[in-house]
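The values are calculated or read from the model by the stated rules, or taken from the named source; none is laboratory data. Note that the structure is a prediction, hence the values are computed from the model and not measured. Methodologically, a virtual Cβ is constructed for each residue, glycine included, from the backbone with ideal geometry; neighbour enumeration extends over all protein chains shown.
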Amino acid sequence: MHKRLFTPGPTQVRPEILKELATPQIHHRAPEFSELYADIQGKLQTVLATQNAVLLFTSSSTGAMESAVTNLVAKKCLNLVNGAFSKRWHQITAGNGVPCDAFELPWDVAVKPDMVDEQLATGQYDAVTLVYNETSTGLMNPLKEIAEVVKKYPDVFLLVDAVSGMAGAPIETDAWGIDFVLAGVQKAFALPAGLAVAAVSERAFERAKTVPPRSYYFSLPLMLKSHLKNQTPSTPSIPHMYALNAQLDDMLAETMEGRFARHAKMASIVQAWAKKHFDIYPEDGYWSKTLTSVLNTKDIDVPVLIKRLADDYNLRISNGYGDIKNKTFRIAHMGDTQIDETEGLLRAIETVLGL
């Protein structure tokens, strides 16, 4: 039996969106495809508050992360690391032979603007990677404030992993001056995994033309050439695009302001509950709007809790990630999840734990 997902990705997908995946196949060089691509483009620009091109990657978010650092680092990249996925971005950067340094913090500590300023002031870097919303820890870094710092350094490009934040928390791409911001659709977009999106600035495309090619599949110049014709360089996942287009219609009908407000309300409910019964892992003031990492102060058996919720209630939450597995457990409140569903999950956890 299907388990209702409250995991930090993949998230629950509504049946009407799943049906879109069964739309009859079209040819990816036909006019119908270009119309679909163009339709999606305008809607994604609204979601991301941008006039920039929003590229579609038939890959996980990791592919878009790789595209950012292989195309946009000419000198050296500063990888800001305070969680498992920001660490992964450093590994991706180094693994592709791109010169880089990791600026590492404890996983429960947010990246602060003054820290970034101090690093960029050295003049060593022409790009910086930041995870907006760290899925492994439930920590939301202060993207807007960090972006203001990066603006002081005109030659430094800001590359942002917004995987579990995009479509659940505000991202003012153009106003904040973000050069590359990416996400997978399996989190706050509430779609099946397999597609990533990224808004890319004009100056980023210009730099990519000057950087010696490090990738073919993730080449920004090749993607831009096709994008200008409402195409993709290689065959994309057309079923995902039909589902994305339908979901974007529903998201914009809710309004982005309404969607962000619903996410903020669910976050406040879960986080108040977590403080009452346990504690919250990241430092105060930097809690995510889309998932909460609950600190296991009662030393409960997290795998048993997860199994009981699945077996008795058909609900699924997630253990902590990596080094904080069993020390934390994660409750997602993102995508199309509603407030009453979130409250029902918390009551089920209380029953299982006898709280």
Exercise. When only residues in the range 299-319 that are in a loop (DSSP other than H, G, I, E, B) and without any contact (Cβ under 8 Å) to a residue 40 or more places away in the chain count, which is surrounded by the most Cβ atoms within 10 Å (Cβ to Cβ)?
Worked result: ASP301
Problem set entry | Residue that is nearest to VAL211 (Cα to Cα) [pool: residues in the range 85-102 that are out of contact with any Lys or Arg (no Cβ under 8 Å at 6 or more places or on another chain) and crowded, with 19+ Cβ neighbours inside 10 Å] | THR93
For this session: Out of LEU56, LEU44, LEU80, LEU130, report the one residue that is touching a helix residue (DSSP H, G or I) at 6+ places or on another chain (Cβ under 8 Å), part of a helix (DSSP H, G or I) and aliphatic (A, V, I, L, M).
Result: LEU44
Exercise. If you check VAL294 against the conditions, is it assigned to a helix (DSSP H, G or I) and either among the aliphatic types (A, V, I, L, M) or not assigned by TED's automatic domain parsing to the domain that holds ILE269 (or both)?
Worked result: no
For this session: Please work out if THR46 is in contact with a Phe, Trp or Tyr (Cβ under 6 Å, 6 or more places away or on another chain) and of a type in the set (S, T, N, Q).
Result: no
For this session: Starting from residues that are of a type in the set (S, T, N, Q) and closer than 19 Å to LYS3 by Cβ, keep the ones in the range 293-321 and report whichever is farthest from the chain's Cα centre (by Cα).
Result: ASN314
